[in-house]
Amino acid sequence: MPVLTKRWLQWPKLRSVRARPILGGSPDGCPDIGFLADDDRHFELFAAWLYRQWSAPRGETLENRRQALRGQMRIDRLPIALVAYWQGTPAGIVSLRRNDLQSRLRVGPWLSALYVDEALRGHGIGGALVGATLSLAAWLDHPEVWLFTTDRARFYERLGWERVPPIPEELRQNPQPLVFRHATGI
C-alpha cells in the first residue's frame, strides 16, 4: 500500500463516522464536507462563486479562476479545495494554499477564498469549512494555518483565530489586510 494511501486512511474524519466524506444530503443538519477532487459535479458553480467574489473585481477572467481551481483538485498536497454541501445542495468552498499574501511569503499554509452561498449562510457552513481546513492542515503536518481578510475579522475571531500585528507593507495597503493565524494542534 503506498504511503499516501496509508496516510489518507489516517486522516481525521471531517464529519460523522465516515472515513472519506461523501458529498450529498446530511440527515443530521450538519454540512457534508469533502474534497473538490472527489466530486466535481458542481465545479462550474464553485468557479462562478469565486470569480464573482474575488476574480471579477480584480479584472481577472472566469477562465483564469477555472484554471486556478483545477489546480486545487487534489487530496494530498497543496493547494487543495474543500467543498461543502447542505442537504444535498452545493453550499460553500474553501482552499488551503501554500501562500496567499505577498507580504508574508515565509509563513503558511493559508486558508483562502472561503465562500458560502448567500442563501445558505447562518447554518454553520463557514465554520465547518474552517474547521475541516484546520484538520486537513494538521493531517499534512502543518502546525498552524494563516489567513487574511479585509472585512470578516469578527467571524474568524469568534472561531478562535489570533490576530497578527500588521507589518509596515500591510499598513500601506488599501484596504489593509487583517492577518490571522490558528494552531492546528499537532
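The values are calculated or read from the model by the stated rules, or taken from the named source; none is laboratory data. Everything numeric in this text was worked out from a predicted model, so none of it was measured. A quick note on method: Cβ atoms are made from the backbone with ideal geometry, for glycine too, and the neighbour counts reach across all protein chains shown.
General remarks:
- Output for region 161-186, where each listed residue is closer than 14 Å to Leu111 by Cα and among the small types (Gly, Ala, Ser): Ala183
- Conditions (1) within 26 Å of Ala47 (Cβ to Cβ); (2) exposed (fewer than 12 other Cβ atoms within 10 Å of the Cβ); (3) touching a helix residue (DSSP H, G or I) at 6+ places or on another chain (Cβ under 7 Å); number of the one not met by Gly185: (1)
- Of all residues in region 89-122 being of a type in the set (Gly, Ala, Ser) and over 18 Å from Asp32 (Cα atoms), the one that is surrounded by the fewest Cβ atoms within 10 Å (Cβ to Cβ): Ser103
- Entirely in region 82-185, the strands (runs of 3 or more DSSP E) that have 3 or more residues that are of a type in the set (A, V, I, L, M, F, W, C) and at pLDDT 95 or above: 89-97, 110-116, 144-149, 178-183
- Residue under evaluation Val130, criteria (1) within 19 Å of Ile75 (Cβ to Cβ); (2) over 9 Å from the mean Cα position of the chain (by Cα), criterion not met: (2)
- Extreme residue, surrounded by the most Cβ atoms within 10 Å (Cβ to Cβ), among residues of region 49-80 that are under 21 Å from Thr150 (Cα atoms) and aliphatic (A, V, I, L, M): Leu50
- Of the candidates Trp139, Trp86, the single residue that is among the aromatic types (Phe, Trp, Tyr), more than 18 Å from Leu178 (Cα to Cα), over 13 Å from the mean Cα position of the chain (by Cα) and buried (at least 22 other Cβ atoms within 10 Å of the Cβ) is Trp86.
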